[in-house]
1. Relative contact order for the range 132-253 using alpha-carbon pairs under 8 Å, separation at least 6, rounded to a whole percent?
2. Test of understanding: in a Gaussian network model of the chain with alpha carbons linked when under 10 Å, which of PRO194, PRO54, PRO96 would top the mean-square fluctuation ranking?
3. In nm, give the distance between the simple-model label positions of ARG126 and VAL99, each being 7 Å from the Cα along the Cα-to-Cβ direction.
4. Once you have the Cα-Cα distance between TRP195 and VAL144, take 0.36 nm times their residue separation minus that, and quote the gain in nm to one decimal.
5. Based only on Cα atoms, what Rg/Rh ratio does the range 24-144 have, Rh being taken as Kirkwood's radius?
6. Per the Kirkwood treatment, what hydrodynamic radius in Å, one decimal, follows for the range 3-247 from the mean inverse distance over all distinct Cα pairs?
7. Once the Cα atoms of helix 60-86 and of the chain are each reduced to a long axis, what angle between those two axes, in degrees from 0 to 90 to the nearest 10, is obtained?
8. For ALA199, what charge total do you get from the other residues with a beta carbon under 12 Å from its beta carbon, if Lys and Arg give +1 and Asp and Glu give -1?
Amino acid sequence: MNWRAAGSIYRFELARTWRTLFQSIFAPVLTTSLYFIVFGAAIGGRIQQVGGVPYGAFIVPGLMLLTILSESTSNASFGIYLPRFTGTVYELLSAPVGVAETLIGYVGAAATKSVILAIIILATARLFVPFHIVHPIYAAGFLVLIALAFSLFGFILGCWADGFEKLQVVPMLVLTPLTFLGGTFYSIEMLGEPWRTVAMVNPVVYLVNGLRWTFYGQSDVNILWSAGLTLAFLLICVAIVSWIFRTGWRLRT
C-alpha cells in the first residue's frame, strides 16, 4: 500500500473544498435552512407530530440524507472526471498507484466532505428545531456507510460521463426525485395503497428510514434491510470500480 500517494490524492481533493467554499459548504447549508423554513414552519404548523416526533425534528434525518446523497455523488464524480477532462489521469495511471490508493484518495475525500457537511447541517438544524439522537454510534456508522457507498457511485459516474452535462443527469433526474419520494418529508405509513407498495420499491426509503431509526428509534421498514441494502450497494460499487481499473474502461480512452 502506497500511503504517501493515497494521502497526497486525499489532501488535494479535500483542499478543493476550501477553494470552493461557497459551493461546497454555504450553498448546501443555505438550501437546507430554506427547507426547514418552508417545510418546518408552513407544513409543521399543520402536522404537529409524525409517529410521536415533532414534524420539524422528523424531517432532519431526511434532509441530511438528501444532502449526503447529492454531495457524495457530485464530489466524487467531479473529482475523477476533471483529471479525465484535462488528461492528467494518465499521470495517475502511469504512477505506482493502485486501485486501493486511488479509492482512498478520491472516494475517501468525497466521503469526508459529505460527513463534515452532514455535521454542519446537523448543527444548523439545532437552530431551528430541538431533537435528540437515540443511537449516536449507529447514526455515525450509517452516515459513513452511506457517504462511502455514494462516493463510490459518484466515482463510477465520473468515469462514465463524457461531458459536464452528464455529471448532473443522475443526481438531478434520479437521486433527487427518489429522495423526495422516499419519505424525506413524510412517513410511508401516511400513504394509502397502492402508493405505499410502490414506495417500498424505492431504495432511498430504506436509507431514510435507517437513518431515522438511529435518531428516534422508529422506522417504517426493517432496519436489517436498510443496513443490508446499503452494504450490498457499496460492495457492488467496489466490484464495478475494480473492473474499471482492470479493463481501463473510460480511463485509458
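Just so you know, all these numbers are worked out from the coordinates, no wet-lab data involved. Computed from a predicted model, the values in this text were never measured in an experiment. Note: ideal-geometry Cβ built from the backbone for every residue, glycine included; neighbour counts use all protein chains shown.
1. Once divided by the residue count of the range 132-253, the mean separation gives 39 percent.
2. Of PRO194, PRO54, PRO96, the most mobile in the Gaussian network model is PRO194.
3. 4.1 nm
4. Separation in residues times 0.36 nm, less the Cα-Cα distance, equals 15.3 nm.
5. When Rh is taken as the Kirkwood radius, the ratio is 1.12.
6. 18.6 Å is the Kirkwood radius here.
7. The angle comes out near 20 degrees.
8. Charge balance near ALA199 sits at -2.
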